[in-house]
1. If you scan the stretch B:358-393, which residues turn out to be among the hydrophobic types (A, V, I, L, M, F, W, C) and more than 40 Å from the chain's Cα centre (by Cα)?
2. Test residue B:269 against the criterion of being of a type in the set (S, T, N, Q) and either out of contact with any helix residue (DSSP H, G or I) (no Cβ under 8 Å at 6 or more places or on another chain) or under 20 Å from residue B:211 (Cα atoms) (or both), and give yes or no.
3. Please work out if residue B:508 is buried (at least 20 other Cβ atoms within 10 Å of the Cβ), facing another protein chain (nearest Cβ under 8 Å) and within 35 Å of the chain's Cα centre (by Cα).
4. Say whether the condition of being touching a Leu at 6+ places or on another chain (Cβ under 6 Å), more than 7 Å from chain B (Cβ to nearest Cβ), touching a residue at least 12 places away in the same chain (Cβ under 8 Å) and farther than 25 Å from residue B:122 by Cβ is met by at least one residue in the stretch A:25-48.
5. Is the stretch A:112-120 home to any residue that is surrounded by 15 or more Cβ atoms within 10 Å (Cβ to Cβ), modelled with pLDDT of 90 or more, in contact with a Phe, Trp or Tyr (Cβ under 8 Å, 6 or more places away or on another chain) and hydrophobic (A, V, I, L, M, F, W, C)?
6. Take residue A:75 and tell me if it is within 30 Å of residue A:268 (Cα to Cα) and in a helix (DSSP H, G or I).
7. How many residues are in a loop (DSSP other than H, G, I, E, B), farther than 23 Å from residue B:325 by Cβ and touching a residue at least 12 places away in the same chain (Cβ under 8 Å) when one looks only at the stretch B:96-144?
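The values are calculated or read from the model by the stated rules, or taken from the named source; none is laboratory data. Being a predicted model, the structure only gives us computed values, none of them experimental. When we count neighbours, we look across all protein chains shown, and the Cβ atoms used for this are built from the backbone with ideal geometry, even at glycine.
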Amino acid sequence: MRITNNMLINNVMLHLSNNLTRTLKYQNQLASGKKISVPSDDPIVASKALKLRTDVAEIKQYQKNTDDATSWMEITEATMNQINEVVQRFREITVQAANGTNTTEDMQKICFEAKELKSQLIQLANTTYAGRYLFSGYKTDKPLLDEDGNFNINISNNEEIRFEIGIGDDINVNVPGSDLFNRGTDGEKGEKCSFVQTFDTIISAIESGDNEKVSSLLSDLDAEMDNLLRVRAGLGARMNRVELTDNRLDDDYVNFTKLMSQNEDVDIAETIMNLYNEMSVYQASLATSSKVIQQSLVDYLS
Amino acid sequence: MGSSSAFLGMEIALRGLYASQRGMVTVSHNVDNTNTPGYSRQVINQKAARPMLVAGRAGMLGMGSEVVSVDRMRDTYLDEKYWSEAQYYGEWSVKSTIIIELEAIFNEPSESGFSTIISDFYSSLQQLSTDPTSLATRNAVKEKGIAVAKYFNSVAAHFDQLQEDLNNMVYAKVEEINSIADQIRTLNLQIYNYEVMGNTANDLRDQRSYLVDRLSQLINCSAYEVETGLTLPNGTPEKRFVVVISGKTLVDHQNVVHLKCVTREEKLNNEDLNNLYEVVWEDGNTLDVKSGELKGYLDMRDGNDGIAAANGQGYTPNCKGIPYYQRKLNEFVQVFARTFNEGIIDSDGDGKLDKVNGHADGYRLSSSETDEPSGVRFFTMLDDEGNYMSSDDFINYIKQKAQMAGIEDDPDTDYDEQLVYGYSLLTAKNFCISAEINADPVENISASSVPGQQGNNENLASLLDMRHNTYMFMEGSGEDFIKTLISSMGVDGQQYSVYYDIQEGIMKQLDNRRQSISGVSLNEEMVNLIKYRQVYAAAARMIQTYAEVLDIMINRLGL
């Protein structure tokens, strides 16, 4: 084949430009840390990258949701713990009142403390978390009980606030007031809740000094305590589940970010090797090209 | 030998001088044009001169050498091959460049593309579902909603801009084709005039071939010389140069039919800008562009995956161009907004639409127990002045359009057909949040499924459920739809650049073959130079020798 000057030059240009294109590719990869910059660099990697980004963003949001769920439930649990203390104390003084040896003065003192405990119970029923009433079901803007212990709102056990903590996986974070304060039956507005009603009946028995009646009412109080225990146990179980989910989400987050990195991040060592390789090829072609295209017979004619 | 032979010898030697001089001039011309694009090297066609019949003796007397012509070294087969490949090179070079622009508009994968923006929107809704009364989160949901709408607005606006640019490129390419046609015509006349007397217009022919090189990248064309059947005064048949595009002549010797851009009266695609150019022949015939850069620009400007044209005339180009991506984005916002606002979605995968709770079915934050559902649409469209439409205006508008289109509500379904039709009026361009959400997101974001319950997040839960509804589109959920769109664009982009690389390889290879025949080799020219110089020196030496012979004959012989 006849080789002409422009063929030499064209070929040199073609190969130098191919070398530079590859060098640029590795240089881009190293500078951005990513294997691809546009989908056409590698459509498979690109579509995986989009999917993994969404997954990671979702996991992050679910982590936030589980955190929120945990705080809400911890506050509820702490409040129920206080309610438990109130009821324990109430039971102690009720037992005391049931004892026939109390003087009128003692009974008055007991009665006074019992009333204090009742209003404490009502206060606890209206506990708020970040401005939202814990036990008011969906009506988080309204207190559950009025000052006498009557329901301030209609409340149903169905008013479960659910947070999504995974795709298609949600958890009930609240305890509707009807479940805790009305032994699991729905409450009508204006109706007295059973918990306070029990307190009231005992307080009036103490007021009347009828210690036998007081004694007989202890079982009612125990029923309220059992109910409290049931609700706490239920919440505890759900808290456990949230904790498990939270741990799983932490693992998922690590796994998915790792996958994302494997999918789209460059292997630095490999890329640097490739870059050096390309650069030496580039230098070799520069060196040979400069020799080949410089010289012709013209240089040797005198 | 007769007495004239000494002079005859000198004449023959003179011819040698002339011939080698001519050779050196040609070397010089070749060397000068080593880097001239399209140039083909020239060689002298040297022959022994017509011999003289010597009277009374046997044989013929050699009369030296003469240059009968200067020829250009060119293989027309390679030219034709080059021209037929250049059209694909032109087409793929345009397409592989434009699709990179499309990819840049989508801006994926990145931290600011669609997947991030839609994830942020859903995250804000999730956040709201953990505290539906939070004013800050309600405002955040509005802002994230605006970001979603703006993303589509911005992508659509960029697509419009790009379509406009491509339209201008179509115009520019048509101008270039016409200009090349005119230049070829001028060259045709010049070449004809030179060659009518039997010369060969080498350099002009090079220029003409070079113009066809360029033209064949712009549009599918073939170029050749045809014999007219007439004979030139020098006895050779008369030839005329013809350039043909899709079977119709662009240049026929001295006649040119230009191409022309006329603005379309009816849009080819619903998504198109107004007044795009249609390329036709100046004489009114329709032009069939099969390949070349022009085809690349037309396909990317008009391509809608080969669906039927909106103006009812044939089909759109079978290529995923701007209208295709606009159409897909429009489809997304239509289904997304309909689902989100109205809850009209195929929820069970039976291929029929169902009605679940949408945003409009929820209740306002401060609703009282006797209130009706809010009826607030989260997303609506921009009105003619570019303002956010309110939900009522939007619903009235689309229902009115549905009525005009003759759509009636089918009582057997639990959704309103007029609404379903109406959402097809949404586009990525006019998609926005509603005036209510914009004015008062705190009150109007309808998170609750029961009136008077501020802490109720069940309507939000219904909206969040739709995110993972895989029956939303044929491609799956909303995000799957966009991901599919983007990755199929990536596949196309990869293919285009592979086609381009292949075509570029073919072109380089063909060009090298042409260079091998037509290119100037300096070594060769130098060798020729030495060759001619030595002959020149030898011929001069001959003349000197004859001079001596004559000197002897004239001055020393005789008396």
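1. The initial filter retains those residues of the stretch B:358-393 that are among the hydrophobic types (A, V, I, L, M, F, W, C), namely B:360, B:365, B:376, B:378-379, B:381-382, B:389.
Correct list: B:360, B:365, B:376, B:378.
2. Numbers: of a type in the set (S, T, N, Q): yes; either out of contact with any helix residue (DSSP H, G or I) (no Cβ under 8 Å at 6 or more places or on another chain) or under 20 Å from residue B:211 (Cα atoms) (or both): no.
It is false that residue B:269 is of a type in the set (S, T, N, Q) and either out of contact with any helix residue (DSSP H, G or I) (no Cβ under 8 Å at 6 or more places or on another chain) or under 20 Å from residue B:211 (Cα atoms) (or both).
3. Values: buried (at least 20 other Cβ atoms within 10 Å of the Cβ): no; facing another protein chain (nearest Cβ under 8 Å): yes; within 35 Å of the chain's Cα centre (by Cα): yes.
No, not satisfied.
4. As a first pass, look at the stretch A:25-48 and keep what is touching a Leu at 6+ places or on another chain (Cβ under 6 Å): A:26.
Then keep just the ones that are more than 7 Å from chain B (Cβ to nearest Cβ); that gives A:26.
Next cut, touching a residue at least 12 places away in the same chain (Cβ under 8 Å) only: A:26.
From what is left, the residues that are farther than 25 Å from residue B:122 by Cβ are A:26.
Yes - at least one qualifying residue is present in the stretch A:25-48.
5. The answer is yes, given that some residue of the stretch A:112-120 is surrounded by 15 or more Cβ atoms within 10 Å (Cβ to Cβ), modelled with pLDDT of 90 or more, in contact with a Phe, Trp or Tyr (Cβ under 8 Å, 6 or more places away or on another chain) and hydrophobic (A, V, I, L, M, F, W, C).
6. Details: within 30 Å of residue A:268 (Cα to Cα): no; in a helix (DSSP H, G or I): yes.
It is false that residue A:75 is within 30 Å of residue A:268 (Cα to Cα) and in a helix (DSSP H, G or I).
7. Taking the stretch B:96-144 and keeping what is in a loop (DSSP other than H, G, I, E, B), we get B:107-113, B:131-134.
Narrowing further to those that are farther than 23 Å from residue B:325 by Cβ: B:131-134.
Now restrict to residues that are touching a residue at least 12 places away in the same chain (Cβ under 8 Å): B:132-133.
The qualifying residues number 2.
Yes or no, residue by residue, for (1) within 30 Å of residue B:104 (Cβ to Cβ); (2) within 10 Å of chain A (Cβ to nearest Cβ); (3) among the charged types (D, E, K, R); (4) assigned to a helix (DSSP H, G or I):
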site	(1), (2), (3), (4)
B:470	yes, no, no, no
B:491	yes, yes, no, yes
B:532	no, no, no, yes
B:554	no, no, no, yes
